[in-house]
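The values are calculated or read from the model by the stated rules, or taken from the named source; none is laboratory data. The shown structure was predicted, so the numbers you read here are calculated from the model rather than taken from an experiment. Note: ideal-geometry Cβ built from the backbone for every residue, glycine included; neighbour counts use all protein chains shown. The protein model used for the area step is the full one, side chains on, heavy atoms only, and it has no ligands, DNA or RNA in it. Shrake-Rupley method; radii C 1.70, N 1.55, O 1.52, S 1.80 Å.
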Amino acid sequence: SFKKKKKKMLGKLRNVNRMRGMVNMMMKRNYATALYKPSVTNTAELLKNVEKRDPDQTEFLEAVKEVLETLRPVLDNDEEALGVMERLVEPERQIAFRVAWEDDNGVQRVNRGYRVQYNSAIGPYKGGIRFHPSVNLSIVKFLGFEQTFKNSLTTLPMGGGKGGSDFNPKGKSDKEIMRFCQSFFTELAKHVGPDTDVPAGDIGVGGREVGYMFGQYKRLRNEFTGVLTGKGLSFGGSLIRPEATGYGVVYYLREVVNYAGETLEGKTVLVSGSGNVAQYTLEKLLAFGAKPLTASDSSGYVYAKNGFTQEHVEALKVIKNEKGGRVSDLVEQFPEDFEYVAGDKPWKHIAAEIATPCATQNEINLEEAKALVGNGVKYVVEGANMPSTNDAQEYYIQNSVYYGPAKASNAGGVSISGVEMAQNSQRLAWTAEQVENKLSEIMTNIFNNCKDTAIEAKAVDKNGVPDLRYGANLAGFNKVKAAMVAQGLF
């Protein structure tokens, strides 16, 4: 009958439509897989491509190699992860520009400025500006790459970026530094903003420099907004921001030592550096009852055989922050408390239980790492960016040293920069207690994330020491990867 034929035809039509739907789903699924299919087959091939593209960028290649080698077991067995990493090793944007300024003698000077907007998958680009003669594109890219993982670990919505110039602020007058900062930010203002890219300070860039750059941005854009962090308290800065990186190092160290079943009370600590990070690392170590023994700068190091006191730390702040002096000035001020060793670092010469390198990248090589372990160091927690070379890092891990990598342990500074951004958006100012409690909470969470990720991946040695470097790299990468996959290929 007609009704039966109609019913049969409708059934066939439904089957055809069902088949079409299944084909469309399969096509979409294949397209999605192809979308993230990498052009390389493994991490070794990816590293070769990066080395071929940027053969002279030593610092950047070292940072990429460390992450790729650490995550090789994941990347070589997950095509999508390898595809994301293939994109992640190339910054989203690299900006280089001329910075022309006039010195106090009326002579024109020309420097080069940089901003690498590395990755914005989880938030606006966020990272410091460094003024130092050594600054080049390789260093800025390395710092931006590391910053991407670091910012991911904070759990705050911040992408990764970094900038700077080969300008040397040492020996310059306030007016010269102001003119340079204004010229530098005249160009950079075109590329930054509170929802695009939020710079901060770094080596050679403190509150003074941030203030000059903020003033120039306000002058050019006619708006008062949180375009920079590390600002003065009178114009939108946050309490505890100057202390945050150093304090954060010690909060992370506290968690590591507690996990190992010990406390910081009475522990001897080698500290390098004498700038902002080192100063507040020393201060918070003393607050936890530890015994910091050293501080350093490019001229050498000082050794306090009975340990630093808060009086020593306050004197160091004056020497470095107000007088522009050297660590050796501590010996002149406290001749009975300090010894000075010129042209050397403390790593080979002094026995201690903990090392917190807070000076600069690659300050501990393999030979120095061996000396540290030989002299009894059980914990290395980094305050500077990548202060241990890759082979030094491997030596720590192979010898059951609890190793806190910089991307995790020195994330306190950028964490409180994120808190400053939140305060600026809310038009509110948090109390010092609120900010420091948040810092402690964030650093505890970062440690637990690194530790738990390592344990879940069975990255634990025969002595039960979790590979915190592996945990930091994988946890940081996973969050960025999820965001990049969700947002499509760009």
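Values for this structure:
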{"read-out": "q = 0.20 Å⁻¹, region 165-222: log10 I(q)/I(0) [Debye, one scatterer per Cα]", "value": "-0.72"}
{"read-out": "Whole-angstrom gap from region 347-411 to region 147-163, using each part's C-alpha centre", "value": "23"}
{"read-out": "Trypsin sites (Lys or Arg not before Pro) within region 407-490: DSSP coil, no more than 13 neighbouring Cβ in 10 Å", "value": "R427, K458, K462"}
{"read-out": "Within region 214-255, GluC sites (Glu not before Pro) in DSSP loop having at most 10 other beta-carbon neighbours inside 10 Å", "value": "E223"}
{"read-out": "For the chain, the Rg and Dmax computed from alpha carbons only, in angstrom", "value": "25.3, 113"}
{"read-out": "Dipole-positive endmost among H349, F334, H312 within region 286-392 (Cβ charges, Cα centre)", "value": "H349"}
{"read-out": "The chain: calculated mean residue ellipticity at 222 nm from DSSP helix runs of at least 4, using -39500 (n - 2.57)", "value": "-15500 deg cm²/dmol"}
{"read-out": "Centroid-to-centroid separation of region 69-112 and region 202-254 [C-alpha atoms, Å]", "value": "22"}
{"read-out": "Relative contact order (percent, whole number), region 423-473, Cα cutoff 8 Å, 6+ residue spacing", "value": "28"}
{"read-out": "Share of alpha-carbon pairs per 5 Å distance bin for region 319-370, given as whole %", "value": "4, 14, 21, 24, 20, 11, 5, 0"}
{"read-out": "Per residue accessible area in Å² of region 380-490, where ligands, DNA and RNA are left out and the probe is 1.4 Å", "value": "38"}
{"read-out": "Cut-off 15 Å between beta-carbons: net charge of the residues surrounding F490, Lys and Arg +1, Asp and Glu -1", "value": "0"}
{"read-out": "Between helix 276-287 and the chain: long-axis angle, C-alpha atoms, 0 to 90°, nearest 10", "value": "80"}
{"read-out": "Cβ-placed point charges (K, R +1; D, E -1), dipole of the chain about Cα centre in debye, nearest 20", "value": "4160"}
{"read-out": "Per residue, the convex hull volume that the Cα atoms of region 122-220 enclose (Å³)", "value": "90"}
{"read-out": "Within-15-Å neighbourhood charge of K438 [Cβ basis; K, R +1; D, E -1]", "value": "-4"}
{"read-out": "Long-range tail of P(r) for region 286-354 (Cα pairs > 13 Å, %)", "value": "63"}
{"read-out": "Neighbourhood charge, 11 Å Cβ-Cβ cut-off, centred on D174 and excluding it, Lys, Arg +1 and Asp, Glu -1", "value": "+1"}
{"read-out": "Kirkwood Rh and Cα Rg combined as Rg over Rh, evaluated for region 340-490", "value": "1.04"}
